Structures are given as C-alpha cells and as structure tokens.
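Structure, as structure tokens:
The values are calculated or read from the model by the stated rules, or taken from the named source; none is laboratory data. As the structure is a computational prediction, the values presented were derived from the model and not from experiment. Virtual Cβ from ideal backbone geometry, glycine too; neighbours counted across all protein chains shown.
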Amino acid sequence: MSTRSVLVVAHTGRPEAVRSAQLVIQRLSEAGIDVRVLEDEAADIGCSGVQSMPSTPAAAEDAEVVMVLGGDGTLLRAADLARPAGTPLLGVNLGHVGFLAEAEREDLAATVDRVVSHRYDVEERMTIDVLVRRNGAVSGTTWALNEATVEKAERERMLEVVAEIDGRPLSQWGCDGVVCATPTGSTAYAFSAGGPIVWPEVEAMLVVPISAHALFARPLVVSPRSVVAIELVPSTPRAVLWCDGRRTLDLPPGARVEVRRSADPLKLARLHLTPFTDRLVTKFGLPVTGWRGRARQANAQNAQLDGQAAAGKTPSCDGFPSAAGEQPPGQER
C-alpha cells in the first residue's frame, strides 16, 4: 500500500494561517498521512516530522492534494506548483473574499476529516496560455488561471489597442487596459472591470475592456476554442501584461498578446459544501429576503394537503378542496 502525502501551503504572514497549518499538520500526521511543507515556510510553521520541500512543482508531485491555508493570493501561488504536477488544490479561505477556496475557516476541522477519509471530488478548471509577440517573433509565454490583463504602464496616458477574435479585427479601444479572463476569473479583476459573472462549469473566455473610450466597449463572452489577440497600436505608450496578478511581462508599442485555452487545466478538490449561487450571496451580501423557492412552496403545499386530509377532505382537480366522496362542481354522475 502506497503512502499518502499532502502538501500544506500557508500564508505564513498571518498568525491565524500558521496556527491553522499546525493544526492541519497534526491531524494529518495522526491519521498516518505524510505531510510536506515548503522550505521557505517551514521555519515559520515550526512543525517537526514533516518533509521540507523546495518551492517548485516537485513539491506537489505524487501528493494527494495541496492544501492551501490563506486567501486567493496564496491559492494562486500554490497553483504554480500544483498545475504542472497535476495535483488538486484544496483551499481553506482565511482571507477576505476567497472565491477560489473551497471551504471557510470554520470548516477547517471538517475539511481535514474529508481529506483523511478521501471524501472529496476533483474537478478541472480551465486555464489559459498567454503568448507575447514582438515583430512577429515570440518574446514571452506564460499562463493564467484567473486572467491575463494588458494594462497601461503610465498612469497619465491611455493605451490604444486593437482587439482580434479568431484572426479577425473586432474594434479599437482607447482604454486603461483589457482583461482576458476564464470563468474562474470572472469574479476577480474582470468583475471589477464590469464583466459578467460566469458559473465555473461554463466553458468560455471573457474579454473585458477597462475604462474604454468607445461606443462599443461591452464585455464579450467568446468560445473556449477562440483565440483572442490584443495588439498595441505602434503609437501607443508601453504597457504591461499581468497574469493572475503574479507574473508580468513588459509590452513595448506594437506588441501583440495572444490568449487561448490551455491544454493543461488546474485541478480543484471539491467538498460541495456551498453551491456557487450561495457563495455569491454570501461573498457579496446579496439581498434575498422574500425568496420563497420551490422547496418552501412544496413544503407549504404538503402542509396544506396534510391539513385537508386531517379534516376529511380531498383536493379537487381544479385545486379547490371538496368534501371526501363529493365530486367537484359540474362533474356529478
């Protein structure tokens, strides 16, 4: 029987994350699971009996899951390790919004128990490959889980860009930038820029102009098979490419950024604790007062039927109760 192992990644700048990591390591170790931590986090976590690993994808290889304790930034950092290794991420949100995390801090004990008993599913999230060309030659490549954003590098000057979809020009925008996002990233930067929220299981790419000075500057939802290109007009100031707010490339005037679906998705461990709709309501504090819902309506109807049965009445075909044994009006034999 092979030995089970879990890589624990924590935001060691937060005392709560460190304490949580120590509790997780203790519980996993007691269950006979080997625990790995990253070398640059080991001293802050301070647990004995764990394996210290370099901060490379090798740390996640052959691990059952990468358990992440922190906010979305910590989970995105861990994604750099987990995606090449093909290891699923399981995030416990100790930050603020935390859309990428599967569980909240109050679910920590239950989450560890789920890992120990292997009671979770694994789903794949779409990622994007990003390629930068300069004078036709490739000058850089990277990837993103949430979004790739072309942004102006000089605050006082707008960018002039041309958007292209599947090899055809769409429009030119004077703008602060353009966000190319995945469904997972629809609740991140693209949301702040005015893009739509896309349910995670929907396969699509989003193109969202940022503060565009144009009549046609609506967010776009395109096919996951499309190739999106953003070209900097040669006369525009230099720009910068940000991917997930972590990886960056400088873009000189005339540069071209191509975004397409990646063949390598990111795996997420899912506990199915909270439906995505409920997560939106909780994270954004959305008003749902007055909602009755099918379940509540069904319960009310069942209670009404129980009351009729107790009174010796049966429901009629037109929805009105009638005395037991009587025919509804107009239906006498």
Contact list, first residue from the stretch 203-218 and farther than 14 Å from Ala148 by Cα, second anywhere and small (Gly, Ala, Ser) and surrounded by 15 or more Cβ atoms within 10 Å (Cβ to Cβ), beta-carbon distance below 6 Å, six or more apart or interchain, is His213/Gly174; Phe216/Ser171
Residue by residue through the stretch 145-190, note down the ones that are β-branched (Val, Ile, Thr) and assigned to a strand (DSSP E or B).
Thr149, Val150, Val161, Val162, Ile165, Val178, Val179
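Pick from His213, His272: which is modelled with pLDDT under 95 and either at positive phi or surrounded by 20 or more Cβ atoms within 10 Å (Cβ to Cβ) (or both)?
Working: His213 fails: either at positive phi or surrounded by 20 or more Cβ atoms within 10 Å (Cβ to Cβ) (or both).
On inspection, the qualifying residue turns out to be His272.
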In the stretch 166-182, what residues are of a type in the set (A, V, I, L, M) and touching a Phe, Trp or Tyr at 6+ places or on another chain (Cβ under 8 Å)?
Val179, Ala181
Say we look at the stretch 166-188 and pick out the residues that are among the charged types (D, E, K, R) and farther than 19 Å from Pro252 by Cβ; which of these is surrounded by the fewest Cβ atoms within 10 Å (Cβ to Cβ)?
Arg168
Any chance Ala163 is crowded, with 20+ Cβ neighbours inside 10 Å, more than 22 Å from the chain's Cα centre (by Cα) and among the small types (Gly, Ala, Ser)
yes
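One line per residue, one yes/no per condition, for (1) touching an Asp or Glu at 6+ places or on another chain (Cβ under 8 Å); (2) assigned to a strand (DSSP E or B); (3) in contact (Cβ under 8 Å) with a residue 24 or more places away in the chain:
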position	(1), (2), (3)
Ala78	no, no, yes
Arg83	yes, no, yes
Val92	yes, yes, yes
Glu106	no, no, no
Thr111	yes, no, yes
Glu124	no, yes, yes
Val130	yes, yes, yes
Val138	no, yes, no
Trp143	yes, yes, yes
Output the residue which, of all residues in the stretch 244-266 that are of a type in the set (Asp, Glu) and within 18 Å of the chain's Cα centre (by Cα), is nearest to Pro84 (Cα to Cα).
Asp264
Going by the conditions given, is Asn146 surrounded by 23 or more Cβ atoms within 10 Å (Cβ to Cβ) and not assigned by TED's automatic domain parsing to the domain that holds Ser20?
yes
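The rows are residues; the columns are (1) crowded, with 22+ Cβ neighbours inside 10 Å; (2) more than 23 Å from His118 (Cβ to Cβ); (3) basic (Lys, Arg).
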position: Glu16; (1), (2), (3): no, yes, no
position: Ile25; (1), (2), (3): yes, no, no
position: Ala31; (1), (2), (3): no, no, no
position: Val37; (1), (2), (3): yes, no, no
position: Glu61; (1), (2), (3): no, no, no
position: Val65; (1), (2), (3): yes, no, no
position: Gly70; (1), (2), (3): yes, yes, no
position: Ala78; (1), (2), (3): yes, no, no
Would you say Ala42 is of a type in the set (A, V, I, L, M) and free of Cβ contacts under 8 Å to residues at least 12 places away in the same chain?
yes
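From Leu232, Leu266, which residue is surrounded by 15 or more Cβ atoms within 10 Å (Cβ to Cβ) and closer than 13 Å to Thr127 by Cα? Walk me through it before giving the result.
On the way: Leu232 fails: closer than 13 Å to Thr127 by Cα.
Within the list Leu232, Leu266, the selection yields Leu266.
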Scan the stretch 204-217 and tell me whether some residue there is among the small types (Gly, Ala, Ser), under 26 Å from Asp72 (Cα atoms) and assigned by TED's automatic domain parsing to the domain that holds Ile165.
yes
